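The values are calculated or read from the model by the stated rules, or taken from the named source; none is laboratory data. Since the model is a prediction, treat every value here as computed from it, not as a measurement. Note that each Cβ is placed from the backbone with ideal geometry, even for glycine, and that neighbours are counted across all protein chains shown.
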Amino acid sequence: MTISRRTLAVAVASLVAVAPTWLVMDRVAGVRSAEPGLGCGEHNGLVIGVDSDVSLGFQRRGLLKLWNQWHGSKVTLMEVGLKVDQQRSQLAAAAQARSCLYDVLILDTPGTAEFAEGGHLEPIKSTWMEDPDDFFDPPRESGKWQGKQYAVPWTTDAGLLYVKGKGKAVPGSWEALVNAGYATQLVDYEGLTVNALDAVWNRNEQQRRPPVLMGTDTKVTVDDARESILPGLRDLKAGLEHQRARAGAGGMAKDPRTSDELDSIEMFAQAPDGTVMRNWPFVFRSLFADPRVRDRFEVSRLPAPGLSVLGGQNLAVSAYSRHKEEAGELVYFLTGKTSENRLFVCGGYPPTRKSALNDNPCQEQGARLEPEEQPTPERRNKFIVELKAAMEKAHPRPITPHYSQFSETFRGCADAVLDSGPDAPEPSPEKLAEALNASLRGEHGSC
Amino acid sequence: MAVDAPGGPDGGKARRERLFGWLGWVGGTGGIAAALGADLSFRNRLLLFIGVLVAVPLVMTLGLTLRDRVPKRDLPRAFLRRLGRICALLLHQSARAIPAILATVLVWTAVHWSFVTNGASGKSCEPADVRVTVSPESLTALKAAAHRYVEDKSGDGCRKATITMTANSSISDLREGFANGWLEPGVEGDTSERVPMLGPRPDLWIPQTTLAAKDVIAHLDEAQGDGQGDGLREKALLDLDEKKTAGTSPMVVASLSDAYRGSGSTGPEGLQSVLNRLRQQGVLDPLARALPDTSESALAATPALYQALASGDGAAERFLNKDRLVPGDATALLCRFREQSSAPPGGIAVVVPENTLADYARNKELGTACPPLANAAAAKRLVPYYTEELPVLDHPIVQVRWPGEDSEKRRAAISEFRDWLASHPPTEEGFRDANGSAPTGPKTALGVLTDPTRNNAVPPRMPPHEGLKGAKGCVESLKAARACYEAARPNAVLTLAFDISGSMGQTAKPALPRAQDIAQRIVAAARTRDQIRWATFSSPAPVAFEQPVTIATGPKQQEQKNALQAGIRKITLRGGDRALADAVDSMRGTLRPGVQHLVVLTDGQTARTNAGARYSPGKLAERLRGDKAQSDLRVLVVSVGPDGCSAGPAKAIGDAVGEPCIDGSAGTAADAAGKIISSVIESTPS
């Protein structure tokens, strides 16, 4: 069929009509931004939206310096703050407004689904991910949403147990750990979710029940709530109470109910020998740097069943970036074998790649540590053995685009159990299941 | 070319062309409208769609009329005639294309279904992320209010918003932050590899006073740039509506002792009279308020305090720093009463907002660094005194828009929270309403401040008064108050010396960034004619000094501060430990004689690298005493390491030189800066 001149004229006229109408509506309604000419956050070079760099010796910055030297282009780390929820809030608000400010996003592992579902992430191309088979499976899977890779794992984490005092024994089972009491991070932030899920999963595993609130298992039955979630949260409460009892009348430097990871380290440093703490792998190196601890502690995987929450961060390319190809190259560089190894051996970040988990010495020039401020090769080897074992038992938190709502609701329910008493009963299994299911669907839920 | 009438001589081919043209027009415009308008509200998308429907025949007609080269005088008539024929054709074709129209409408409705069902909320149950910045002193109450809002607005299962609240009330941070993409002061957006932000960019800012909002807005009006920076340093657009307030709260004096017991006094009275009464009772030694550089409420209270102390502004300021431990804000000031180990003396009185005192009394979290006591009964009771001069904080809610982070949907969600908060002031959490009224019964948030043994209960009404009270020239604006405060402080000559050995980057809370944060705040607080320089030390390199900068007046001052802050931010780790005594000794020899402070920021270091007679604190103290040229040098050792000042070389040197080691590891960076600044003020000869 040939197209007549009239049809062509109609089509051209339609386009001509739409363009100015669109421009007018753009200005009136503020589709991109409310004021004329405000733009979307255009910039030169690449921008990464991150939390504050607390890697030992600031290895993240070191990697970016290398990239800038090699590529001649400039990468800027925009550090939102120390707290993960603040970083998520900034990135989510920018994404909701389709801001092109961030080219690369650093996402907490459970955040990938939320951003991918919202259409805020560019699918990862094969050229943006070096040797995919070299990644550990759980972190690699955490970068996927609905079967598609949207993010590349950068760092990973698994829960470890730290015991104060040289040669001190580690509790042999989850039950023994609860009865001994252990320091956790139970202030109202993501750490509470992590510690509560650890407790729920291990209790659940002991009872040989199917997984609950783990990965794609995002439906909670009343039985799950009654048999696994509430008992797990009661374990958490018992561990807290035993820990307080151990501390005696003087109390702890930092109570777990008001502690995050750094507060726990502070408490641990001041605590007497025998004190037990659940924390992440980066703590291993930082305890050596603390004059109150140095090498006077032991570290191990969590006691049997030994399940732990998978932590870590993924790198993703923003769907609104004006520099997607270059951003993809940067993701390739940062998650490549050399970078991963440097982050681990110099920065203390557990790697997401099998090939990077070795005890090569850090080759970094410049800053120097005193011998007592760093672990011996033997301690490093032992640590790697425990870390590998912990990684094998690490599992993802619920994979859902509504993770942040789930986490907030779950924390509220955990709070209700931790603070329960004669005047404040804990939530019923029915209420708990209803609240969690609502939040997992993206609806408001509350215990 | 003429437009053929329906059923004209073109036959089947012409009809097919018309049909395809029509389908293309309806489908194409509908599709374009739907795709381009993806972020529009339902109403605006409808407008866009109708606009396209109207515009297309008009443009078609005009194009075809011009193409026919109609004489100018016949143009209007030819246009109208052709428009009529085109409309007739379209209407005629519309009847024949009803299935296509229905299909288009169905597709359009499916694409827009969420808007049809959810109004402007977008995807089903996709909450907008609303970021709010408040003062640390209001954080607890406003967080609770935000939580209540989320609960209130989730009745149908869908949540309207997720609210993230952060705290900051440093006027200098806020002024520079709003002007520069919410980056920390001194960050060079164009050239730095690392650009720390002050937190998430706020959509709402709730300062403690309208004066602060006006001060920042005035600064933004003066600031260069038009909001179109490099994407990183965008300028914010602030919308202040003075009627939208989150509630009010008066500043009060509080002390551990009840100076009114049995006196029968009722209601607020003059500040001077209150201070005199406290002085007579021996509970005004010292009087402490937070650092005005980082606490907006403390700055607003300063003119009234100067006037009431009636000893001259300089002497008054020195008296307010007598404690030497002036923190960054009132939450840290009150937190000290919760800490058994560093509790302030019984004779101290403090100046704090009433709502923060209510948080303290109700054993709530204070700010970001002071959790509730595990044993609430162990809390010390503080008695409030209400005055006529201390300001009533009015907490305006300022809406903020950031280029690139603004959309209609987000703006609607932000406005909704703003309006809700303005109509639901958090009186359950210790705030008063816009008129200064609040329930003060025994079971209310403010009722806990009432001492049943006293006659003067908490006043049920404390209406906000216009502006500040105090001496003329200090009360016209917050800028004027700041100028008076700066004039009252003695000039300082500071050398900020950074330990850059490897261990400063190894602990879980790395010490170097902490030291940098503290130093940034000290620089931000510098006043005209202060002299500041910075230095680094480690081993084996010699101590490296930067050139001293004498702070100028006017616009140049901010440039100087930015340059100093940028330099400090670029400091990186290098080398190993240099013994502290050795580092101080090396720097002593380089400094010019005169009244000055050497502020050593270190993680404390190990005992092994500080061993040896030469490095002993006693020997260093001897050398300092023996140096006649440096008799006015004060050495302040600030430990930013994990063990603070509890032990180690940092504590030993502080003890030896007679200036106690300052624990810079606890609380916020503003708290640590406050301790250093108050120590400098207190130890500078008048």
Complete set of residues in region A:233-267 that are at the interface with another protein chain (Cβ under 10 Å from one of its Cβ atoms) and under 30 Å from A:Leu343 (Cβ atoms): A:Lys254, A:Ser259, A:Glu261, A:Leu262, A:Asp263, A:Ser264, A:Ile265, A:Glu266
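Could you check, for region B:558-568, whether at least one of its residues is on the phi > 0 side of the Ramachandran plot and either touching a residue at least 40 places away in the same chain (Cβ under 8 Å) or part of a loop (DSSP other than H, G, I, E, B) (or both)?
Looking for residues that are on the phi > 0 side of the Ramachandran plot and either touching a residue at least 40 places away in the same chain (Cβ under 8 Å) or part of a loop (DSSP other than H, G, I, E, B) (or both), one finds none in region B:558-568, hence no.
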On the given criteria, is A:Gly147 outside the structural domain of A:Gly412 (by TED's automatic domain parsing) and surrounded by 24 or more Cβ atoms within 10 Å (Cβ to Cβ)? no
Could you tell me whether A:Val293 is in the same structural domain as A:Arg208 (by TED's automatic domain parsing) and in a helix (DSSP H, G or I)? no
So B:Lys561, is it of a type outside the set (S, T, N, Q), within 30 Å of B:Asn180 (Cα to Cα) and modelled with pLDDT of 90 or more: yes
Any hit, region B:469-492, residues being within 14 Å of chain A (Cβ to nearest Cβ) and touching a residue at least 12 places away in the same chain (Cβ under 8 Å): no
Give region A:370-409 a look and list any residue that's assigned to a loop (DSSP other than H, G, I, E, B), surrounded by fewer than 20 Cβ atoms within 10 Å (Cβ to Cβ) and aliphatic (A, V, I, L, M), or say none. none
Here are the criteria: (1) surrounded by fewer than 24 Cβ atoms within 10 Å (Cβ to Cβ); (2) in contact (Cβ under 8 Å) with a residue 24 or more places away in the chain; (3) closer than 18 Å to A:Tyr403 by Cα. Tell me which single one A:Ala176 does not satisfy. (3)
Here are A:Leu77, A:Leu105: which of them is touching a Ser or Thr at 6+ places or on another chain (Cβ under 7 Å) and either surrounded by fewer than 21 Cβ atoms within 10 Å (Cβ to Cβ) or part of a strand (DSSP E or B) (or both)? A:Leu105
Of all residues in region A:60-104 being β-branched (Val, Ile, Thr) and facing chain B (nearest Cβ under 9 Å), which is farthest from A:Glu329 (Cα to Cα)? A:Val80
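Determine whether B:Val549 is out of contact with any Ser or Thr (no Cβ under 9 Å at 6 or more places or on another chain), of a type outside the set (D, E, K, R), crowded, with 19+ Cβ neighbours inside 10 Å and more than 14 Å from chain A (Cβ to nearest Cβ). If you could, list the steps in order and put the result at the bottom.
Values: out of contact with any Ser or Thr (no Cβ under 9 Å at 6 or more places or on another chain): yes; of a type outside the set (D, E, K, R): yes; crowded, with 19+ Cβ neighbours inside 10 Å: no; more than 14 Å from chain A (Cβ to nearest Cβ): yes.
No, not satisfied.
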Any residue at all in region B:556-570 that's assigned by TED's automatic domain parsing to the domain that holds B:Arg533 and more than 29 Å from B:Ala487 (Cα to Cα)? yes
Yes or no: region B:635-642 includes at least one residue that is touching a residue at least 24 places away in the same chain (Cβ under 8 Å), more than 25 Å from B:Ile532 (Cβ to Cβ) and buried (at least 23 other Cβ atoms within 10 Å of the Cβ). yes
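Only one residue in B:Ser679, B:Ser616 is of a type in the set (S, T, N, Q) and under 16 Å from B:Val584 (Cα atoms), so which one is that?
Unique residue meeting the criteria: B:Ser616.
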Kindly evaluate B:Glu317 against the criterion of being surrounded by fewer than 21 Cβ atoms within 10 Å (Cβ to Cβ) and of a type in the set (Asp, Glu). no
Look through A:Gly41, A:Gly57 and report the one residue that is at the interface with another protein chain (Cβ under 9 Å from one of its Cβ atoms), at pLDDT below 90, farther than 30 Å from B:Asp203 by Cα and buried (at least 22 other Cβ atoms within 10 Å of the Cβ). A:Gly57
Any residue in region B:608-623 that's more than 18 Å from B:Met587 (Cβ to Cβ): show its pairings with residues that are in a helix (DSSP H, G or I) and of a type in the set (Lys, Arg) at Cβ separation under 8 Å, as long as the two are six or more apart or on different chains. B:Ala613/B:Lys619
How about region A:176-207: which of its residues are within 21 Å of A:Ala247 (Cβ to Cβ), of a type outside the set (A, V, I, L, M) and over 19 Å from the mean Cα position of the chain (by Cα)? A:Asn179, A:Gly181, A:Tyr182
Qualifying residue in region B:570-590 (condition: under 39 Å from the mean Cα position of the chain (by Cα), more than 27 Å from B:Asp517 (Cβ to Cβ) and surrounded by fewer than 18 Cβ atoms within 10 Å (Cβ to Cβ)): no
In this structure, does B:Pro649 turn out to be crowded, with 17+ Cβ neighbours inside 10 Å and either of a type in the set (Lys, Arg) or touching a Leu at 6+ places or on another chain (Cβ under 6 Å) (or both)? yes
If we only count strands (runs of 3 or more DSSP E) wholly inside region B:333-416, which ones have 1 or more residues that are among the hydroxyl-bearing types (Ser, Thr, Tyr) and either within 14 Å of another protein chain (Cβ to nearest Cβ) or under 24 Å from B:Gln208 (Cβ atoms) (or both)? B:383-385
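Test A:Ser420 against the criterion of being under 19 Å from the mean Cα position of the chain (by Cα) and either in contact (Cβ under 8 Å) with a residue 60 or more places away in the chain or more than 14 Å from chain B (Cβ to nearest Cβ) (or both), and give yes or no.
The answer is no for A:Ser420.
Please find, within region A:200-254, the residue that is farthest from A:Leu436 (Cα to Cα) out of those that are of a type in the set (Ser, Thr, Tyr) and modelled with pLDDT under 95.
Of everything passing the filter in region A:200-254, A:Thr216 is farthest from A:Leu436 (Cα to Cα).
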